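The values are calculated or read from the model by the stated rules, or taken from the named source; none is laboratory data. Quick caveat: nothing in here was measured; it's all calculated off a predicted structure. Positions of Cβ are generated from backbone atoms using ideal geometry, with glycine treated the same way; all protein chains shown enter the neighbour counts.
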């Protein structure tokens with residue numbers, strides 16, 4: 001009998017039956033069917049809303065944690081092989097910049113259409129400037145001469161007068177290197193078998209190495225000419 005009363009008590013807590021507490025044994029009577037169904041529906045709606053709120057709280061917590069991910073330790077590196085994956089990694093790291101981007105490019109991104117790649121890179125750099133990142137770009141004279149007209153026009157219209165975006169032209173610039181936030185370095189590695197094609201992009205998180213690369217950049221930067 002005890003278990004039966006437990007079940008009846010549970011049903012009563014859902015307002016599906018009423019009890020006569022003064023009677024012995026305790027008596028129960030069902031509420032009207034329509035009322036019972038409405039109450040059951042409201043209970044289920046309330047339970048689902050509570051679960052939805054719990055999930056929303058979990059999502060909010062994860063979003064906050066992902067907005068401020070723990071920075072990788074010095075010495076951490078990753079790489080992507082193949083032209084497409086190498087380009088994706090490079091663009092991803094540009095998107096991740098929070099303070100500074102220093103981009104040195106002596107040759108077009110290997111194995112890609114210059115118009116397409118330069119347009120993508122310019123778009124990412126422009127967005128970086130909008131979020132407060134200082135951008136310094138050092139190009140070889142050969143690369144500057146073959147930059148697409150459309151990209152040059154967009155630079156003149158959007159960023160030429162922005163003090164946080166500066167482009168210079170230098171001599172003896174070779175290879176493609178990008179320094180992100182003074183803490184990581186993206187290096188393009190050419191295919192040793194087919195030098196005209198990108199083999200990989202290596203992203204190295206190392207402040208000391210980034211500082212060394214930055215020092216070499218400063219020497220070339222000082223000898224370069226501001227793009228007019």
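Looking at the structure I just gave you, is residue 84 surrounded by fewer than 13 Cβ atoms within 10 Å (Cβ to Cβ), modelled with pLDDT under 90 and under 22 Å from residue 119 (Cα atoms)?
Details: surrounded by fewer than 13 Cβ atoms within 10 Å (Cβ to Cβ): yes; modelled with pLDDT under 90: yes; under 22 Å from residue 119 (Cα atoms): yes.
Here the answer is yes, as residue 84 does meet what is asked.
Out of all the residues in the range 127-146, which are assigned to a loop (DSSP other than H, G, I, E, B) and farther than 24 Å from residue 214 by Cβ?
Residue satisfying the conditions is 146 alone.
Against the definition (within 20 Å of residue 91 (Cα to Cα) and in a helix (DSSP H, G or I)), how does residue 210 come out, yes or no?
Spelling it out, residue 210 is indeed within 20 Å of residue 91 (Cα to Cα) and in a helix (DSSP H, G or I).
For the range 154-190, give me each residue that is out of contact with any strand residue (DSSP E or B) (no Cβ under 6 Å at 6 or more places or on another chain), closer than 19 Å to residue 119 by Cα and modelled with pLDDT of 85 or more.
162
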